[in-house]
């Protein structure tokens with residue numbers, strides 16, 4: 001700063017101005033520094049919040065995986081040991097007729113490959129596991145006799161968050177087992193119920209000129225159905241065939257297709273019947289591929305409803321298919337056979353006539369195209385066919401107990417042939433009514 005030729009007052013004035021400039025710069029720097037600190041703090045807090053949100057979201061939506069399951073012990077004390085990736089939310093309950101012990105899991109997924117570890121041991125004679133709804137899964141342990149849970153221990157295995165659940169069963173008498181179930185019902189209500197998606201949704205309106213066909217893929221979820229010698233699962237075969245038939249059918253005419261299931265989930269027999277009724281179906285086709293003790297038996301069979309089975313084989317197949325709910329850990333169906341009552345209904349008599357007519361037409365179409373069993377039109381008391389006002393048939397596509405049938409049932413070429421003939425039969429069966437609708441102004 002040059003003070004030459006400047007008066008004292010002028011110098012004083014210049015110094016004051018310079019001080020003001022310096023003060024302004026200091027204040028500006030302080031404000032900028034404060035703003036930077038605030039911004040840094042805000043960004044840091046935001047990052048922490050986002051990270052916590054992601055972490056929380058991951059924890060909440062995390063799928064519980066059952067990594068392994070095994071059964072050890074003897075008939076005096078049997079232990080069920082389950083290994084989980086995270087802490088499980090579970091419910092335990094008993095079922096009778098037959099006696100079973102059930103472990104129900106929330107959002108459980110099974111990823112263990114050693115099924116041998118679940119072979120019959122001690123008090124457990126058989127084990128089934130799988131999904132019963134989109135959010136619940138079960139392990140159902142069939143018991144040799146009545147037993148109770150004498151001890152349970154949920155252990156945190158390590159810092160990764162893995163858990164082990166140990167359940168110990170010991171034998172008791174049947175009266176005590178029944179009393180445990182009564183106590184259980186008083187506390188929890190009746191166990192074993194499932195809800196089908198859309199089960200409480202209002203029934204769709206029937207559209208004029210459109211025929212509704214319900215395609216029922218047998219089994220599903222925890223109920224795998226029959227298993228072939230090559231480990232082919234009935235539930236997968238029936239689901240694939242159901243989707244193929246539905247896709248082809250919707251392209252062939254004025255049909256609306258409704259599926260009892262479109263994924264690997266359990267649907268009870270009652271739910272299948274109720275679903276068919278809600279859809280105001282014009283026809284219901286239930287697809288299956290059972291196993292028989294007589295491994296030489298092969299070929300497709302078309303079943304309709306009857307109070308008394310047409311033959312011993314039909315009775316055996318019906319008995320097997322009607323066990324679906326028990327396999328899934330549901331209450332045993334009422335022992336009373338309501339076919340006796342509903343067969344007296346004139347509506348059902350007419351429905352049965354249509355069912356048999358469709359069965360006859362389908363056999364005629366399939367003959368020479370795919371292998372048929374001897375006397376392919378049969379009947380028995382199938383629970384899934386007990387819709388009093390919907391013509392219904394159960395199609396055994398073949399028998400997984402026969403190696404040749406198993407090979408065909410899993411063949412794309414065979415599936416296309418079978419689908420083509422089934423769709424052609426449905427179109428032909430409704431053709432007269434389709435033409436009548438078309439003729440109306």
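Bear in mind these aren't lab numbers, they're just calculated from the coordinates by the rules spelled out. Treat the numbers as computed from the prediction; the structure is a model and nothing was measured. Neighbour counts are summed over all protein chains in view; Cβ atoms, including those assigned to glycine, are modelled from backbone coordinates with ideal geometry.
Values computed for the structure shown
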| item | result |
| --- | --- |
| At R0 = 22 Å, FRET efficiency that the Cβ-Cβ distance of residue 322 and residue 349 yields, to 0.05 | 0.50 |
| Relative packing of peptides 229-242, 86-99 - highest average C-beta neighbours within 10 Å first | 229-242, 86-99 |
| Segment 64-188: C-alpha pair distances exceeding 20 Å, % | 42 |
| Length gained when the stretch residue 207-residue 251 is fully extended (0.36 nm per residue, less Cα-Cα span) | 14.1 nm |
| Sites residue 159 and residue 179, calculated FRET efficiency, Cβ-Cβ separation with R0 30 Å, nearest 0.05 | 0.10 |
| Burial ranking of peptide ranges 357-363, 146-152, 212-218 (average Cβ count within 10 Å, highest at the top) | 212-218, 357-363, 146-152 |
| Computed lengthening from residue 150 to residue 407, 0.36 nm per intervening residue step minus Cα-Cα distance | 87.9 nm |
| Between segment 390-433 and segment 244-302, the Cα center-to-center distance that results, in Å | 10 |
| Stretch gain in nm, segment residue 357-residue 92, where the contour uses 0.36 nm per residue and the Cα spacing is subtracted | 90.7 nm |
| Relative contact order for segment 64-188, counting Cα pairs under 8 Å that sit 6 or more residues apart, in percent | 28 |
